[in-house]
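Below is one structure, written out as structure tokens, with a few remarks after it.
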Amino acid sequence: MAAVDPGPSRWAFGSPLDADPEGPVAIGADLEPATILAAYRAGVFPMPVHRGRTLAWWSPDPRGVIPLDGLHVSRSLATSVRRHHTTVDAAFDVVLASCADPRRPGGWITRGIKRAYTRLHELGWAHSVEAWTDDGRLAGGLYGLSIGGLFAGESMFHRETDGSKVALVGLVERLREGGAELLDVQWTTPHLVSLGAVDVPRARYLDLLAAAVDRPPPAALERPGRAPAPGRR
């Protein structure tokens with residue numbers, strides 16, 4: 001199902017090229033679907049600060065990306081991939097709630113963010129990828145936003161060893177299959193670097209973004225999956 005266009009945003013996001021490389025590039029606006037989509041197309045994303053009381057918009061320099069041909073799959077991760085099954089949009093609400101668990105350190109996903117990305121999911125823009133064990137348990141997952149050939153990863157979680165990594169492998173496979181060009185992870189971390197994430201200058205990211213958003217979206221993200229029944233072998 002094609003994503004539904006929410007129409008124009010009442011807010012304009014200019015080029016972030018000259019903005020602070022570490023701080024927010026804007027404060028305020030809203031979390032309407034059109035606003036969030038306009039922000040991502042401009043290379044900007046929302047992340048609240050001050051315990052969620054202030055809506056801030058970011059465009060870090062450098063920007064973390066995972067090259068779709070550069071995902072690092074270790075031998076142990078390859079074994080975990082064979083032991084799991086991945087789906088798309090089979091449990092979006094559960095994945096989002098798990099990523100937003102307030103007990104997680106450094107949590108930033110507020111109720112407003114949850115409502116916003118749930119609405120974007122209903123419109124066909126936000127997607128989850130789930131990793132399931134052979135007996136039907138949710139081992140981990142991730143969610144993010146898909147615009148053309150861009151997938152902007154927002155957050156990931158795991159309940160079992162390698163659960164989030166398996167979901168990432170499933171995402172990359174689908175993006176490559178569908179001809180996507182850019183997997184944005186915002187900031188690199190040691191965990192993401194171990195999986196192949198690299199830093200690119202903001203100007204380079206914006207060039208990659210401009211080319212990516214004009215491509216058709218990967219069809220593999222538009223085919224919702226089904227959660228496996230408990231006890232499935």
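Descriptive notes on the structure:
- Test: residue in the range 158-165 that is surrounded by fewer than 18 Cβ atoms within 10 Å (Cβ to Cβ), under 20 Å from S76 (Cβ atoms) and of a type in the set (D, E, K, R): yes
- Enumeration of residues in the range 60-102 that are more than 21 Å from F151 (Cβ to Cβ), touching a residue at least 12 places away in the same chain (Cβ under 8 Å) and assigned to a helix (DSSP H, G or I): S76, S80
- Residues of the range 67-104 classified as farther than 20 Å from G124 by Cβ and of a type in the set (V, I, T), total: 3
- Pairs where the first residue, in the range 110-124, is more than 20 Å from A56 (Cβ to Cβ) and the second is aromatic (F, W, Y), C-beta under 6 Å, 6+ apart: H121/F92
- Residue within the range 165-181 that is of a type outside the set (D, E) and within 20 Å of I109 (Cα to Cα) present: yes
- Considering A91, A38, A19, the condition of being farther than 27 Å from V198 by Cβ and among the hydrophobic types (A, V, I, L, M, F, W, C) is satisfied by A91 alone.
- Scanning the range 85-126 for residues that are buried (at least 21 other Cβ atoms within 10 Å of the Cβ) and at pLDDT below 95 turns up just one, I109.
- Qualifying residue in the range 1-17 (condition: crowded, with 17+ Cβ neighbours inside 10 Å, within 29 Å of V166 (Cα to Cα) and not assigned by TED's automatic domain parsing to the domain that holds K165): yes
- A single member of G43, G52 is closer than 16 Å to L145 by Cβ and not in a helix (DSSP H, G or I), and it is G43.
- V49, sole failed condition from (1) under 22 Å from L206 (Cβ atoms); (2) exposed (fewer than 15 other Cβ atoms within 10 Å of the Cβ): (1)
- Cβ-Cβ under 8 Å pairs, at least 6 apart or on other chains, the range 215-233 side of a type in the set (S, T, Y), far side assigned to a loop (DSSP other than H, G, I, E, B) and modelled with pLDDT of 75 or more: none
- Residue in the range 167-187 that is touching a residue at least 40 places away in the same chain (Cβ under 8 Å) and among the polar types (S, T, N, Q) present: yes
- D20 falls short of the stated requirement of being touching a residue at least 24 places away in the same chain (Cβ under 8 Å), within 29 Å of A211 (Cβ to Cβ) and surrounded by fewer than 19 Cβ atoms within 10 Å (Cβ to Cβ).
The values are calculated or read from the model by the stated rules, or taken from the named source; none is laboratory data. Worth saying up front: this structure is predicted, and the values here are computed from it rather than measured. Please note: Cβ atoms are built from the backbone with ideal geometry, for glycine as well, and neighbour counts cover all protein chains shown.
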